[in-house]
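Just so it is clear, none of the values below were taken in a lab; they were calculated from the coordinates. Values in this document were obtained by computation on a predicted structure and should not be read as measured data. Reconstructed Cβ throughout: ideal geometry from the backbone, glycine too, with neighbour counts over all protein chains shown.
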Amino acid sequence: MFEKLPNHVAIILDGNGRWAKERNLSRSKGHEEGFRNLKRLSKHVFKRGVKYLSVYAFSEENFKRSRDEVKFLMDLFVKGFKKDKTFFHKENIKVIFSGREDKLRKDVKQAMDEIVKLTANNNGGILNICLNYSGQREIVDATIKIINDIQNNKLNTEMITKELFSKYLYQDLPEIDFLIRTSGEYRLSNFMLWQNAYAEFYFPSIYFPDFNEKAFDEALLEYQKRDRRYGNIDYSK
Ligand code: IPE
Ligand code: IPE
Ligand code: MG
């Protein structure tokens, strides 16, 4: 159906709050709808043949929000991962996480561990959920791990290439081909800075809870039109 398929799609799930506000609902309701949509959408994305889907669910900076909103989101993650782990498992989706675990509540970490373990051997697509994630911190953390390995004589500086560096990131993933940010904001907000180096960007104005299967297919249509040159020129054209 689609001639060019991105191998790795990333989505900044934005606009839950505004989606709810437009309907006179609480921000929490928007987050619930967002989570529900993520389930449906990830199934569809992998059905289309995409191999990797990274989603920005909670940034390190999101801890600046009110205690109530942070608590609601963390509770939602615990409930969602516990309840829906069988859904992802049945769909043969492997769930992994990127981000720092240090500031996360124990029950959140536990729910994350459970879904990761249950789905570890699935091969129908990899869903990378970025939770308490910061792109700049990921690069700093990788650098620290590399320095430690140098100090322990496991590495020397000549061995450090782009390929090696990427293996020290939270997850060893291929580069992002297609980045989508819903809700009409045109920024990265610290999302996967390394992996987005040559991604195609797409900014639909729709809020995430409404970004359904049809909206994703429209995004894929847009991707067909992109000419990925990587700095080169096709002189035959
Ligand atoms: C995205 O929706 C979800 C998270 C950041 C957790 P927002 O909560 O940012 O929604 P808006 O941007 O306020 O509409
Ligand atoms: C980015 O959205 C983080 C997530 C979607 C999880 P925000 O809504 O937090 O980003 P800003 O504040 O608009 O940059
Ligand atoms: Mg937002």
(request) Search segment 217-237 for residues being within 17 Å of Pro6 (Cα to Cα) and among the hydroxyl-bearing types (Ser, Thr, Tyr), and hand back the single one that is surrounded by the most Cβ atoms within 10 Å (Cβ to Cβ). (result) Tyr223
(message) Checking Ser54 against (1) within 16 Å of ligand 3 (Cβ to nearest atom); (2) under 17 Å from the mean Cα position of the chain (by Cα), only one condition comes out false. Which one?
(response) (1)
(message) Yes or no: segment 85-100 includes at least one residue that is in contact with a Gly (Cβ under 9 Å, 6 or more places away or on another chain), over 13 Å from Gly125 (Cβ atoms), away from ligand 2 (no atom under 15 Å from the Cβ) and without any contact (Cβ under 8 Å) to a residue 40 or more places away in the chain.
(response) no
(request) Spot the failing condition for His89; the list is (1) surrounded by 15 or more Cβ atoms within 10 Å (Cβ to Cβ); (2) away from ligand 3 (no atom under 16 Å from the Cβ); (3) within 18 Å of the chain's Cα centre (by Cα), and only one is missed. (result) (3)
(message) Just to verify a result, which residue in segment 129-179, among those that are among the small types (Gly, Ala, Ser) and assigned to a helix (DSSP H, G or I), is surrounded by the most Cβ atoms within 10 Å (Cβ to Cβ)?
(response) Gly135
(request) Just give me the residues in segment 184-194 being crowded, with 19+ Cβ neighbours inside 10 Å and more than 12 Å from ligand 1 (Cβ to nearest atom), in sequence order. (result) Met192
(message) I'd like to verify a number: residues in segment 195-216 that are surrounded by fewer than 18 Cβ atoms within 10 Å (Cβ to Cβ), touching a residue at least 60 places away in the same chain (Cβ under 8 Å) and hydrophobic (A, V, I, L, M, F, W, C), how many?
(response) 1
(request) Report those strands (runs of 3 or more DSSP E) wholly inside segment 1-115 carrying at least 2 residues which are touching a Lys or Arg at 6+ places or on another chain (Cβ under 9 Å) and under 17 Å from Tyr133 (Cα atoms). (result) 8-12
(request) Select, from Arg100, Arg48, Arg18, Arg27, the only residue that is over 30 Å from Ile144 (Cβ atoms), away from ligand 3 (no atom under 14 Å from the Cβ) and not polar (S, T, N, Q). (result) Arg48
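Residues are listed down the side, and each one gets a yes or a no for (1) touching a Phe, Trp or Tyr at 6+ places or on another chain (Cβ under 6 Å); (2) within 30 Å of His44 (Cα to Cα):
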position	(1), (2)
Leu155	no, no
Leu193	no, yes
Phe203	yes, yes
Phe211	no, yes
Asn232	no, no
(message) When you scan segment 79-92, do you find a residue that is in contact with a strand residue (DSSP E or B) (Cβ under 7 Å, 6 or more places away or on another chain) and either within 23 Å of Phe63 (Cβ to Cβ) or among the small types (Gly, Ala, Ser) (or both), even just one?
(response) no
